[in-house]
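The values are calculated or read from the model by the stated rules, or taken from the named source; none is laboratory data. Because the structure is a prediction, the values reported are computed rather than measured. Here Cβ is always computed from backbone atoms with ideal geometry, including for glycine, and neighbour counts include all displayed protein chains. The accessibility values were calculated without ligands, DNA or RNA, using every heavy atom of the protein model including side chains. Shrake-Rupley method; radii C 1.70, N 1.55, O 1.52, S 1.80 Å.
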Amino acid sequence: MEIQQLFDFLARSVSPFHAVQTAASLLDAAGYARLEEAGYWNLEPGHGYYTTRNESSLIAWRVPAHGIGGWRIAASHSDSPAWRIKNADLPAAGCLRLNVEGYGGMIMHSWMDRPLSAAGRVLVRNEADGTLESRLVNLDRDLLVIPSLAIHMDRTVNDGHKYNPQVEMQPLYGPAGARPFAALVAQAAGVDPADMVDWDLSLYTRQAPTRIGPDGEWFLSPRIDDLECAATTLYGFLEAASETDSACAPVWAMFDNEEVGSSTRQGAASAFLRDVLDRILDAVPHSAQAMQRALANSFVLSADNAHATHPSYADKSDPANPVRMGGGVVVKVNASQKYTTSGLTGAIFKEICRKNNVPVQQFANRADLPGGSTLGNLLSHTLPVPMVDIGLAQLAMHSAVETAAVADADAMVRAVAGFYRVHLRALGDGRYTLE
Ligand code: ZN
């Protein structure tokens with residue numbers, strides 16, 4: 001994978017809806033057929049398909065030629081912390097502002113004093129044919145700003161500041177009397193403002209992905225968590241297409257709402273993935289106990305980015321497990337099982353990486369810091385399958401603009417392609433072959 005392919009994925013995916021659109025366009029180009037959850041699924045061996053839920057989560061798969069003896073799954077998330085737009089055109093001191101609410105846990109100050117835009121979907125009424133449909137919309141221009149307070153009015157701002165999102169994080173839209181925000185949204189969606197019934201819109205930062213460092217070793221971009229994993233696992237999935245394990249169904253999943261706990265209809269804690277796997281099995285010839293046997297012979301990569309050791313705050317990281325940008329794919333371990341990695345699943349993944357010459361490093365929290373969570377252990381509620389939690393090293397997680405390493409993106413593609421290609425079989429509980 002060329003880094004420009006990752007940059008395109010990041011730049012186009014300005015909301016979870018757009019991330020799904022980006023993934024769908026790559027799958028369309030690779031010959032995958034779109035299926036609706038409400039439709040009847042006729043699946044043919046050797047063919048690829050995908051379906052979406054809420055337009056913000058997507059699952060793609062290929063049907064193996066000779067029945068389904070197991071599932072090989074890579075999962076990531078489509079959402080990033082952002083500001084949801086509740087209302088528009090609220091007057092304040094001769095200006096109009098939007099009324100926003102935080103989605104996920106973001107570094108608030110990183111959203112200030114930079115050009116912002118808005119994207120998501122609008123729900124459009126069509127009086128003529130009686131339909132209500134959603135349309136993706138991206139205002140795609142420098143439009144909004146969340147201005148900070150001048151230091152002259154708060155001399156203590158550099159001494160640590162607690163932000164109040166209702167007071168300090170409301171974006172300026174324009175001068176009083178400016179044309180309504182909804183008019184811009186309607187124009188971008190190509191509809192009459194009167195036909196817009198509702199929307200799911202968020203702010204996004206206008207920073208384009210860009211390489212930094214003397215030889216472009218690193219890159220800066222919004223939404224690296226977790227679109228870097230989404231894009232690289234998808235490219236690995238597509239790259240391995242023609243050579244995947246013939247009795248194992250390769251599956252690629254990207255879930256919305258990880259940043260708010262995953263417990264939505266389309267989140268990783270929902271039955272979405274299990275529903276899709278049940279339907280796939282139902283649509284192909286299978287024997288009794290096929291699902292239980294397939295699940296026991298399956299493996300999941302839960303791919304969500306990891307913290308690199310921060311040079312200015314090295315004491316925040318486990319000293320025995322330094323993580324370096326450019327050091328390869330990160331395996332995440334946690335004694336409390338916030339990460340699903342076990343000695344066994346970590347060993348299987350490391351063996352796959354070794355066979356594909358992919359460097360691996362390990363992340364663990366300090367024993368006195370609780371750390372974050374991800375989607376793997378929530379997926380296992382509905383899908384009790386051996387899993388490993390992995391990611392790519394980055395800095396400034398949940399900032400409006402994050403930093404990661406160019407080389408790691410390619411390492412992940414090769415690891416994931418190797419994962420889909422390997423002939424992995426469970427010979428018994430705790431015994432595997434990897435051919
Ligand atoms: Zn994440």
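List the GluC sites (Glu not before Pro) in region 76-172 that DSSP assigns to loop (not H, G, I, E or B) and whose Cβ has at most 12 other Cβ atoms within 10 Å. Which are they?
Hits after loop and neighbour filter: E127.
Stretch N158-A30 to full length: gain in nm at 0.36 nm per residue minus the Cα-Cα span?
41.0 nm
For region 112-181, what is the charge dipole size about the Cα centre, in debye to the nearest 20, if Lys and Arg each add +1 at the Cβ and Asp and Glu each add -1 at the Cβ?
40
Expressed as an acute angle from 0 to 90° and rounded to the nearest 10, what is the orientation of the C-alpha long axis of helix 343-355 relative to the principal long axis of the chain?
90
Return, ordered by residue number, the residues of region 70-113 whose backbone nitrogen is under 18 Å from a label point located 7 Å along Cα→Cβ of H398.
77-84, 101-112
Per residue of region 293-299, what does 6.51 cos²θ - 1.76 cosθ + 1.60 with θ = phi - 60° give for ³J(HN,Hα)? Whole Hz please, x for Gly and Pro, Karplus curve as stated.
5, 5, 5, 5, 9, 10, 8
Skip the ligands, DNA and RNA, and give the accessible area per residue of the chain with a 1.4 Å probe, whole Å².
Numbers: 18570 Å² over 435 residues.
Spelled out: the 1.4 Å probe surface of the chain, per residue, equals 43 Å².
Quick one: if you stick a label point 7 Å off each Cα along the C-beta vector at A283 and D368, how many nm between them?
Roughly 5.4 nm, to one decimal.
Once amide H atoms are built 1.01 Å from N in the peptide plane, which residues 5 or more positions from Y432, or in another chain, come under 5 Å H to H?
So Y432 has HN proximity to L427.
Could you compute the net charge surrounding Y49? Neighbours are other residues with a C-beta less than 15 Å from the C-beta of Y49; K and R count +1, D and E count -1.
-3
Using the alpha-carbon centroid of each, what span in Å lies between region 311-355 and region 135-166?
35
Please work out the C-alpha center-to-center distance from region 228-298 to region 41-105 and express it in whole Å.
Going from one Cα centre to the other spans 15 Å.
Size of the dipole of the chain about the Cα centre, Lys and Arg at +1 and Asp and Glu at -1 on the beta carbon, nothing else charged, in debye to 20?
Working: 35 positive and 48 negative charges, 137 e Å.
Its charge dipole is roughly 660 debye.
What is the pair-distance distribution P(r) of region 197-305, computed from all Cα-Cα distances in 5 Å bins starting at 0, with each bin given as a whole percent?
2, 8, 13, 17, 18, 14, 10, 7, 6, 3, 1, 0
Carbon and sulfur atoms: what percent of the 1.4 Å accessible area of the chain do they account for?
Of all accessible area on the chain, carbon and sulfur atoms account for 51 percent.
With the chain treated as a Gaussian network of Cα nodes joined by springs under 10 Å, which of K338, K355, K162 yields the largest mean-square fluctuation?
Comparing K338, K355, K162 in the GNM, the peak value goes to K162.
When the chain is treated as a GNM, springs tying every alpha-carbon pair under 10 Å, which of G67, G328, G213 comes out with the largest mean-square fluctuation?
The residue that fluctuates most here is G213.
Test of understanding: in a Gaussian network model of the chain with alpha carbons linked when under 10 Å, which of S117, S312, S270 would top the mean-square fluctuation ranking?
Result for the chain, Cα springs under 10 Å: S312 fluctuates most.
Which FRET efficiency value, to the nearest 0.05, is calculated for S246 and R135 with the Förster distance at 41 angstrom and r the Cβ-Cβ distance?
0.50
Give me the one-decimal nm value for the distance between modelled label points at A335 and I212, 7 Å along each residue's Cα-to-Cβ direction.
According to this spin-label approximation, the distance is 3.6 nm.
Please list, in order, the residues from region 129-172 whose amide nitrogen is less than 19 Å from a point placed 7 Å along the Cα→Cβ vector of V197.
Answer for region 129-172: 129-137.
Net charge near N297, counting Lys/Arg +1 and Asp/Glu -1 over other residues with Cβ under 15 Å of its Cβ? Don't skip to the end; give the middle numbers.
Numbers: positive: R72, R293, R425, R431; negative: D245, D429, E435.
Here the charged neighbours net out to +1.
Relative to the first principal axis of the alpha-carbon coordinates of the chain, what is the inclination of helix 16-29, with its axis defined by its Cα atoms, in degrees from 0 to 90 and to the nearest 10?
The angle comes out near 50 degrees.
Compare T374, T433 by solvent-accessible area with a 1.4 Å probe and give them largest first, with all protein chains kept in place.
Solvent-accessible surface, decreasing: T433, T374.
Between E44 and T382, with labels modelled 7 Å along Cα→Cβ, what's the label distance in nm to one decimal, could you check?
Simple spin-label model gives 2.9 nm for this pair.
Kindly express, to the nearest 10 degrees and within the range 0 to 90, the angle between helix 224-239's C-alpha long axis and the longest C-alpha principal axis of the chain.
40
What does the accessible area of L149 come to, in Å² to the nearest 10, when a probe of 1.4 Å is used?
Its heavy atoms expose roughly 100 Å² to the probe.
Report the GluC sites (Glu not before Pro) located in region 177-274 that are in a DSSP loop and have at most 16 other Cβ atoms inside 10 Å of their Cβ, or state none.
The qualifying sites are E217.
Within the chain, what's the longest stretch lacking chymotrypsin sites (Phe, Trp or Tyr not before Pro) that sit in DSSP loops with no more than 15 other Cβ atoms inside 10 Å?
164-312
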